[in-house]
Structure formats: structure tokens, C-alpha cells
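Worksheet for the structure shown next.
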């Protein structure tokens, strides 16, 4: 009986391994504690116990390397990416505030396109040709809160090598699926908390003050809810860049604005990110804790059954759609202990099923398909 119970847990453990979530301590500790319980209650000699444990871990290692989905893990080693990550915030933050007009000119000339967008649209200083521009820049740089942000950002992002490496890997997958894609320059900037990611055809701007860690004191001062801070870590930066590009390049079609179309669209974007980062942990993919991931996995079938029973799937009620897919500490229709944005999670699972059951569909086909109902019908989704 011990062997049957222990082995019955393997599929769930394999899911975490294949999704890169073997590092989620919640599940690992749960598995090990149950294993210890079973072992302590199973009367066998020490030699047989040791043999079974050794056999289990041998099988675990084999399965962890052989069960990876080849579709999700293409060989991108030969794909070359010219990625230019520019620590713009360092140059801008180093401007001598007593000589703004002199110091800023080389930066304007060095990054003419980005500087116009940054000044006019992101930090709202106006055009670089405006006579008031230098005074506004002085005010921005000498504002106490911004000085604190520049200092904190400099401490946390003194080395952005890991971000560059992660993003390069993401763009390798991007070019694998979309061979003609142009890799944009990536500017690390301070925006004064105006926006996380700004996307243009030639560049992407990343506001690093949005990724200082969920325990950053700035977020307490700004009263940012704790459930929103899960995604405010530097580990999220690379995947957020790709997600922002997907949202920009494949916009939502409001023609049929019902729940299923919202769920599938948001699920498509998460799936797109997953394909660019196939080993990304679910906790980073969905901005969930390990416990919330486990809750979704455990309750997926019940959630779907309830949504169908309540006739919510094709509802176009905006408040209802927001309850299922909007940012919140939990999904209101599933109770206070539920994971947030559960509709988005279900949408992702529908898209995942759609791609598995329709192998002729490319990632480009998926992203260009605007009919969420069509994707649902062809997905054969059965949680």
C-alpha cells in the first residue's frame, strides 16, 4: 500500500519538474513529509527501505530529463541574438544638476529617439526643444523621492547580467518562432513609477523602480497592495518585457467582449511568455505564490464546472469579467482562499489544451486567432 500511495504522487511531482517548479518548497516539503510518514509506518527492513528510496530517485532523475515536452523546449543554441541592454538610468541619474543643459546634450544626441519618448511621454518633461525642458529635468532629478529611487535602483541593479542573459534566452525562442522579428534595444530607466514597460518598434523601456522586490519600502509608502507586489521583483523583468511585446503586437479584439474571449486572450499571452521561457516557474509566469499555484491545480475542474453551471462562460457583464480576470487578492466567485485571476489561469489551460490537440497550429496562428470561442471549441478542454 505504501508503494502505491507514494508512486501515485509522482504525476504531480512530474508536473512541477516539467514546468521548472521543483524549486517550489511548498510542494517539495509536502512530498518529503508524506514520504517520511509512509516510511515510518511501513514495516520493512532497512536494506529494503534504502533500495526503494534509491530506486525512486533514479527513476525521478530519468523522468525529469525524458519527460520534457519537446515542443516547449526547442533547440535554440544556434540562434544568434544581438541584444543591447542600456543602463540609461545610470547616465540620466548622473547628470550634474548644476549643469543640466550642458550634461544632458550628449545623452540627447546619443539616444535621440528614446530621449524624445522618455521626456515627452514617460516622465512628462516635455520636448527636449522646449525652453522649460532643462528646468523640468532639474526638478525631476532633485525631487527627493526620485533621488531615493535612483540610489536604490543603483544598489539593486549594479549588475544586470542575469537580466540580460534571461532576456537573450527569451529572444532566442522569439526568433525561433518568429524568424523575422527585430530585437529591440532595451533601456533600463527610472520613470517615477509612471509605467512598468514602454514598447516601441525599435526599443523597450523598463522602469526598474517597479522591480525592486516585493518588500521594498517604497511600495509600502505608495500603498501598493501586497497582492500586486508579487510581480515586482527583478526576476520578473525579462518575462515582463516579452509579455509587454506580446500585448503590444497582439491586441485584444473587443468585437465580442465576453468572459471566454477575455480568459482566452489573457491565457494566450501567458502561454506566449511560457513558450519564450519554457523553464519559467509557474509562480513567476502567473505572479502566484506556490500555495496559489497548488490551489489552482487542485481546483481546476471544480472552477470550470462552476463557471459552466452558473452560465458565466459567455457572459458580457463587465463586472463579472473583472471578478474572474482582474487583479485582486483572490477570485471573488471562488471565495477568499482562492487564487487571484483564476479565469486567466483557466484561459491558459484552455490554450494549452488547444495547442496540444491541434499540432498543426503554430504559435503565430494562435496569437493571430481572435475568436476565443473557436479556440475553446477546438481545445477539447476537459479539466
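Computed from the coordinates by the stated procedures, all read-outs in this text should not be read as laboratory data. Quick caveat, the model's predicted, so the values are computed rather than measured. A quick note on method: Cβ atoms are made from the backbone with ideal geometry, for glycine too, and the neighbour counts reach across all protein chains shown.
Taking neighbour Cβ counts within 10 Å as the exposure measure, how do 312, 173 sort from fewest upward?
Lowest count first: 312, 173.
Once the piece of chain linking residue 143 and residue 291 is laid out straight, how much longer is it, given 0.36 nm per residue of separation minus the C-alpha distance between them?
That works out to 49.3 nm of additional length.
Report the label-to-label distance for residue 81 and residue 249 in nanometres (one decimal), using points 7 Å from each Cα along the Cα→Cβ vector.
That separation, rounded to one decimal, is 1.1 nm.
Between residue 373 and residue 336, with labels modelled 7 Å along Cα→Cβ, what's the label distance in nm to one decimal, could you check?
3.8 nm
Given the Cα-Cα distance of residue 257 and residue 362 and 0.36 nm per residue of separation, how much length would full extension add, in nm?
35.3 nm is the gain from fully extending residue 257 to residue 362.
Give the distance, in whole Å, between the Cα centre of region 315-383 and the Cα centre of region 189-251.
Cα centroid to Cα centroid, the span is 23 Å.
Just the number, please: percent antiparallel of the DSSP beta bridges in region 85-248, rounded to the nearest 5.
The antiparallel proportion sits near 30 percent.
Once you have the Cα-Cα distance between residue 319 and residue 121, take 0.36 nm times their residue separation minus that, and quote the gain in nm to one decimal. Don't skip to the answer; put the middle values down first.
On the way: separation 198, 0.36 × 198 = 71.28 nm, distance 3.07 nm.
Extending this stretch completely gives an extra 68.2 nm.
So if R0 is 51 Å, what FRET efficiency would residue 223 and residue 179 give, r being the distance between their Cβ atoms, rounded to the nearest 0.05?
0.70
If R0 is 30 Å, what FRET efficiency do you get for residue 328 and residue 73 from their C-beta distance, rounded to 0.05?
Details: r = 33 Å, r/R0 = 1.11.
Computed FRET efficiency for residue 328 and residue 73: 0.35.
What ranking of 252, 111 emerges when the number of other C-beta atoms within 10 Å of each C-beta is taken as an exposure proxy, fewest first?
Lowest count first: 252, 111.
In nm, to one decimal, how far is the residue 110 label point from the residue 301 one, both placed 7 Å along Cα→Cβ?
Computed distance between label sites residue 110 and residue 301 equals 5.9 nm.
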